[in-house]
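Some notes on the structure that comes next.
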Amino acid sequence: MLSFFISIFLLILSVFGLFLSTKLPFFDDPKVLFVMKSSFYPMIIFSGLLLSSFILLIKSILKFSKDKPLFKKEMLFILLFLILYVVALVYIKFIPSTLLFSFISGYYLLKDRSKKTLIKLAIVCVSITFVLYILFVEFFNIPL
């Protein structure tokens, strides 16, 4: 049931994105032999999104069953904690809030909460935070 709503949302988003990408400006440079419109890549991405969301819609219609709940308890917790994570980004910045989010959500979703598993979870959380920080700061030039 949830995949049905997600596919409808993504279909609407992809159609809207395709419409907006047709409105992007065209820059003509006489020095360049082959010129593409600036809407070329966004149109490819939104077309792929349209195709994949259409496939998801068809799959969700074929597998539709009424006995499954729309939201599980774990999903609601992660969604609520994701909202808190976004708010925490403003106040305690990227590194501490990402560490907290990844550790608490990982701890909540773990079935085995032994000391060895928690140490592995902490190592994974620190690694993910470090990789994301380097990715954003060094490659994308986005200050965090």
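Please treat every number below as a calculation from the coordinates, not as lab data. Being a predicted model, the structure only gives us computed values, none of them experimental. Glycine also receives a Cβ, built like all others from the backbone with ideal geometry; neighbour counts cover every protein chain displayed.
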Evaluate the distance, in nm, between pseudo-label points positioned 7 Å from the Cα of GLU74 and of ILE142 along their respective Cα→Cβ axes.
2.7 nm
Here are some pairs, LYS93/LYS120; LYS72/LYS115; LYS59/LYS116; which of them have Cα atoms lying more than 29 Å apart in this structure?
LYS59/LYS116
The answer for trypsin sites (Lys or Arg not before Pro) in the range 93-144 that fall in a DSSP coil and have at most 12 neighbouring Cβ atoms within 10 Å is LYS93, LYS111, ARG113
Using the Karplus equation 6.51 cos²θ - 1.76 cosθ + 1.60 (θ = phi - 60°), what ³J(HN,Hα) coupling, rounded to whole Hz, does each residue of the range 40-51 give in order, writing x for Gly and Pro?
4, 5, x, 5, 5, 5, 5, 5, x, 5, 4, 5
Ordered by number, the chymotrypsin sites (Phe, Trp or Tyr not before Pro) in the range 64-144 that occupy a DSSP loop and have at most 14 other Cβ atoms within 10 Å are PHE64, PHE71, PHE140
Of the residues LEU13, LEU56, VAL90, the Cα lying farthest along the dipole of the chain towards its positive end, which is defined by charges on the beta carbon of Lys, Arg, Asp and Glu, belongs to LEU56
Expressed as a whole-number percentage, the relative contact order of the range 73-139 with C-alpha contacts under 8 angstrom and at least six residues apart is 31 percent
Separation between the VAL86 and LYS111 pseudo-spin-labels, each 7 Å from Cα along Cα→Cβ, expressed in nm?
3.2 nm
If you place +1 on the Cβ of every Lys and Arg and -1 on the Cβ of every Asp and Glu, how big does the dipole about the Cα centre of the range 73-139 come out, in debye to the nearest 20?
320 debye
Points 7 angstrom from Cα along the Cβ direction at MET43 and ILE119: gap in nanometres?
5.6 nm
To the nearest 20 Debye, how big is the dipole of the chain about its Cα centre, given +1 on the beta carbon of each Lys and Arg and -1 on that of each Asp and Glu?
660 debye
I need to check one value: relative contact order of the chain, counting alpha carbon pairs closer than 8 Å and at least 6 residues apart, in percent.
21 percent
Through the Karplus equation 6.51 cos²θ - 1.76 cosθ + 1.60, θ set to phi - 60°, convert the phi angles of the range 132-137 into ³J(HN,Hα) values in whole Hz; use x for Gly and Pro.
5, 4, 4, 4, 6, 6
So the FRET efficiency between LEU13 and SER127, C-beta based with R0 = 25 Å and rounded to 0.05, is 0.20
